[in-house]
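As structure tokens, the structure follows; a few thoughts come after it.
The values are calculated or read from the model by the stated rules, or taken from the named source; none is laboratory data. Just so it is clear, the structure is predicted and the values come from calculations on it, not from any experiment. As a convention, Cβ positions derive from the backbone with ideal geometry for all residues, glycine included, and neighbour counts pool all protein chains shown. For the accessible areas, the whole protein counts, side chains as well, though only heavy atoms, and no ligand, DNA or RNA atoms are used. Shrake-Rupley method; radii C 1.70, N 1.55, O 1.52, S 1.80 Å.
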Amino acid sequence: EAGVTQFPSHSVIEKGQTVTLRCDPISGHDNLYWYRRVMGKEIKFLLHFVKESKQDESGMPNNRFLAERTGGTYSTLKVQPAELEDSGVYFCASSQGPGQYSGNTIYFGEGSWLTVV
Amino acid sequence: DAKTTQPNSMESNEEEPVHLPCNHSTISGTDYIHWYRQLPSQGPEYVIHGLTSNVNNRMASLAIAEDRKSSTLILHRATLRDAAVYYCILGWNYGQNFVFGPGTRLSVLP
């Protein structure tokens, strides 16, 4: 069974440009999460989809970040325009059940490494 | 948000057992205790989770204190591949996100 896949694995863009990160969750997983770790900081939650709906987007840093989940399948995270402080690794994760409350396992992808220069 | 406290780093010799502690004195009755680990250049990986009783799986064991204010992840025989950052995370409400702390960086010496 395929795990959570993310694309691209690495991206280098100039400040002010746009980048779109894609995540394909494990098939059948209704829950999809985005996290990120910026330089020197801890992994932080960005948002949570249940199917195509945003359940919790409290971690989105500002309106330069836009996440979508078309038809409840794959998800994209767009950063427009990118700033230097956006550099870091962006993780996508998915889970089958409600998530933490029931103790269901959350599976993470390997991350998309973003460098803004 | 319930918080966890872990040592910044630990060291172990290969093929010896490792006990990674986690304190969570403000844990609520519905919080599950999750352990994830992150190997270099990879995403976090599920290790084990539990609620009240001790748990075993092929990767590790989880020992939960009777008052649930602390837990210990046990790797029975550390290998070089177990060198990673280990995160102890609590789940407290439906649909809420994981809160990652700095974790414990485990070094395994050959």
* Cβ pairs under 6 Å, 6+ apart, first in the range B:46-65 and touching a residue at least 24 places away in the same chain (Cβ under 8 Å) and away from chain A (no Cβ under 11 Å), second of a type in the set (Gly, Ala, Ser) and part of a strand (DSSP E or B) -> B:62/B:50; B:64/B:50; B:64/B:71
* Structure fact -> Contact list, first residue from the range A:52-64 and over 23 Å from residue A:116 (Cα atoms), second anywhere and in a loop (DSSP other than H, G, I, E, B) and open to solvent by less than 90 Å² (accessible area, probe 1.4 Å), beta-carbon distance below 6 Å, six or more apart or interchain, is A:55/B:95
* To do: May I ask you to verify whether residue B:43 is without any contact (Cβ under 8 Å) to a residue 60 or more places away in the chain, buried (at least 19 other Cβ atoms within 10 Å of the Cβ), within 14 Å of another protein chain (Cβ to nearest Cβ) and over 13 Å from the mean Cα position of the chain (by Cα)?
  => yes
* Any chance residue A:45 is modelled with pLDDT of 95 or more, open to solvent by less than 60 Å² (accessible area, probe 1.4 Å) and either within 24 Å of residue B:34 (Cβ to Cβ) or of a type in the set (A, V, I, L, M) (or both) -> no
* To do: Being open to solvent by 40 Å² or more (accessible area, probe 1.4 Å) and more than 24 Å from residue B:42 (Cα to Cα) narrows it down to one of A:96, A:80, so name that one.
  => A:80
* Asked: For the range B:91-110, how many residues meet the condition of being open to solvent by less than 60 Å² (accessible area, probe 1.4 Å), within 19 Å of residue B:8 (Cβ to Cβ) and either away from every other protein chain (no Cβ under 13 Å) or in contact with a Ser or Thr (Cβ under 7 Å, 6 or more places away or on another chain) (or both)?
  -> 5
* May I ask you to say which residue of A:55, A:17 is open to solvent by 20 Å² or more (accessible area, probe 1.4 Å) and within 14 Å of chain B (Cβ to nearest Cβ)? => A:55
* Structure fact -> Restricted to the range B:1-40 and to residues being surrounded by 16 or more Cβ atoms within 10 Å (Cβ to Cβ) and of a type in the set (D, E, K, R), the residue farthest from the other protein chains (Cβ to nearest Cβ) is B:37
